[in-house]
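Bear in mind that the values in this text are calculations on the coordinates, not laboratory data. Since the model is a prediction, treat every value here as computed from it, not as a measurement. Cβ coordinates were reconstructed from backbone atoms using ideal geometry, including for glycine residues, and neighbour counts include every protein chain displayed.
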Amino acid sequence: MTTPMLDITKDVCPMTFVKVKMGLQKVAPSGKLNVRLKEEALKNVISSLKGEGHRVTNVSREDAVYILEVERGGS
Amino acid sequence: MKEADYKELKKGGMMRQAEAGLFSVRLHVVGGRLGTRQLEAIREAADRFGRGEVHLTSRQGVEIPNVPQGSLAELKEFLAPSGVGVGVCGPTVRTVTACQGCRVCPSGAIDSPALAAAVDREFYGKPVPHKFKVGISGCVNNCIKAEENDAGIKGWIEPRWSGEDCTECGICEAVCPTKAISRPGKGMQPVIDRELCIGCGDCIVACPAGTLREEVRGFRLFAGGKFGRVPFLGKRILGVLKTEAETVAAVAAVLEFFRLHGKPRERFGDTLKRTGFEALEAHVLGKEARP
Ligand code: SF4
Ligand code: SF4
Ligand code: SF4
């Protein structure tokens, strides 16, 4: 199964994190979600993810857009 | 009344008003914090001795305006039992301002009200060549505008690259607001330019791998700032100070330097323009090094 992709490049804080949170709810524990986001959103999204026990397992970049591979933590 | 007597009153926080015979009484407030009991006493004092109003000053102070000269002593006595002291003016260490700090504000790196209380306890009202203001911001968001003060302090987070698990993702470099982080090349550790770093800690928060850690969470001192007619922003001196005690000691050394080198009616920033900031740093470091 391919990892689902969530695009939040058009969102601003706090919608960015709300969408990531909702996206992760659809993923099974230890499952993965790819998130496309802009540089401005990096700090807040990553710090919230870390705070909620998820992990960023890979980071890639397409010009100004970052793609985070997020592994859902917890149960 | 003689001019000399007015001067004495002013030093004690009684400010002569435009209208003859009336005074605006400056109260002693530390870091903008007052208890409800104190507020009650201030309210009652303003009703009894003034015209039922107070003025909130630009530096978190409270003044009771429109107090007749004959009531000044009585007003002071009235406020004393509730722990409200009368303020200061003239060539002294003035009101210490502070934000709510880490106990209240989620962004806070230091307990600014606690440091304000310590600085106030040690130095408030002490004589110096010219007025001397201290302001404390709990973090680099700088709500208190540290650089506008003769001695400004900011909560500061200094990052360190631990090397562990770094994936070279480049996020630290991307989030740094001052471009203080650069990565020289593949497999090489990111370099943090300490001159450019503003101590925000964003890189630590954003690093997905937890590679960037807090080296120090402490206090950063800025010297020589002022506003008024000719504004001047204070400059950062020394490294990151680790404890409240170390910071109070540094402020003591700064004040001592001002007393040694400042001329009467010369603001600290102007003194530093003459002596150079390096001389101040050398003086403060000399104090620290002493056993
Ligand atoms: S300076 Fe920082 S800690 Fe203080 S109130 Fe502003 S954001 Fe909060
Ligand atoms: S954000 Fe962290 S993992 Fe990524 S390059 Fe910087 S130190 Fe390495
Ligand atoms: S603490 Fe802030 S200014 Fe300093 S390197 Fe990290 S992100 Fe840049």
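General observations
- Net charge of the neighbourhood of B:LEU260, taken over other residues with C-beta under 14 Å away and scored Lys/Arg +1, Asp/Glu -1, is +2.
- For the segment B:206-213, counting C-beta atoms of other chains within 10 Å of every residue's C-beta and taking the mean gives 4.
- Once the Cα atoms are used to define both axes, helix A:15-25 deviates from the longest principal axis of chain A by about 20 degrees.
- Pairwise Cα distances in chain A exceed 15 Å in 46 percent of cases.
- Kirkwood hydrodynamic radius of the range B:137-291, from inverse mean 1/r over distinct Cα pairs, in Å: 17.0
- Evaluated at q = 0.12 Å⁻¹, a Debye calculation over the C-alpha positions of chain B (equal weights, vacuum) places log10 I(q)/I(0) at -0.82.
- Among A:32-45, B:241-254, sorting by the average number of other beta carbon atoms lying within 10 angstrom of each residue, highest first, gives A:32-45, B:241-254.
- Pair B:LEU285, B:GLU215: separation of 7 Å Cα→Cβ label points (nm): 1.6
- Net charge over other residues, Cβ less than 12 angstrom from the Cβ of A:ASN58 (K, R count +1; D, E count -1): 0
- Within a straight-line Cα-Cα reach of under 14 Å, B:LYS273 can be paired with the following aspartates and glutamates, leaving aside sequence neighbours fewer than 8 residues apart in one chain: B:ASP150, B:GLU281.
- Against chain A, whose longest principal axis comes from its Cα atoms, helix A:39-51 is set at around 20 degrees.
- Shape annotation for the range B:1-127: C-alpha extents along the principal axes are 49, 31, 25 Å, from largest to smallest.
- Gained length - B:CYS105 relative to B:ARG265, 0.36 nm times residue gap less alpha-carbon distance: 53.9 nm
- For peptide A:44-51, the mean count of partner chain Cβ atoms within 10 Å of a residue's Cβ comes to 3.
- Here the label points at B:THR243 and B:LEU56, each 7 Å from Cα along the C-beta direction, are separated by 3.6 nm in the simple model.
- Its Kirkwood hydrodynamic radius, worked out from the mean inverse distance over all distinct Cα pairs, puts the protein assembly as shown at 23.6 Å.
- A Förster radius of 35 Å, combined with the Cβ-Cβ distance separating B:GLN17 from B:GLU40, puts the computed FRET efficiency at roughly 0.90.
- Average partner coverage of A:35-42, which counts Cβ from other chains inside 10 Å: 2
- In the range B:90-134, trypsin sites (Lys or Arg not before Pro) in a DSSP loop with at most 13 other beta-carbon atoms within 10 Å: B:ARG103
- Angle in degrees between helix B:244-261 and the longest Cα principal axis of chain B, rounded to the nearest 10: 60
- Gap separating the Cα centres of the range A:7-26 and the range A:34-54, nearest whole Å: 9
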